[in-house]
Amino acid sequence: MRRTLRTSMRAERVPPRHSWLTGRRDEPDATCPRCGRRLEAARMSGRRTVWCPHCQK
């Protein structure tokens, strides 16, 4: 987590990494970078979030 936050802070944004969900969350048919299955999306507390129902139980 710390490494991810440091990388984001240096880039002054969330960098588009192939292994991160952030690089795929805006794609129409986004897939999980780990398992390749389709990502789920929902609004939680007024914000959109995405997750892999297989990898993130």
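Among A41, A30, A11, determine the one that fluctuates most according to a GNM of the chain built with springs between C-alpha atoms less than 10 Å apart. With Cα springs under 10 Å in the chain, the top fluctuation among A41, A30, A11 is at A11. For the chain, the per residue solvent-accessible surface stands at 88 Å², with DNA, RNA and ligands left out and a 1.4 Å probe.
Projected label points at H18 and A41, each 7 Å from Cα along the beta carbon direction, are separated by 2.3 nanometres. Just the protein heavy atoms count here, and of the accessible area of the chain at 1.4 Å, carbon and sulfur take up 48 percent. Label positions at S8 and R48, each projected 7 Å from the Cα along the C-beta direction, are separated by 1.7 nm. Using C-alpha pairs below 8 Å separated by at least 6 residues, the relative contact order for the chain is 20 percent.
The values are calculated or read from the model by the stated rules, or taken from the named source; none is laboratory data. Treat the numbers as computed from the prediction; the structure is a model and nothing was measured. So basically every Cβ, Gly included, is an ideal-geometry build from the backbone, and we count neighbours across all protein chains shown. Each accessible area value is taken on the protein alone, full model and side chains, heavy atoms only, with ligands, DNA and RNA left out. Shrake-Rupley method; radii C 1.70, N 1.55, O 1.52, S 1.80 Å.
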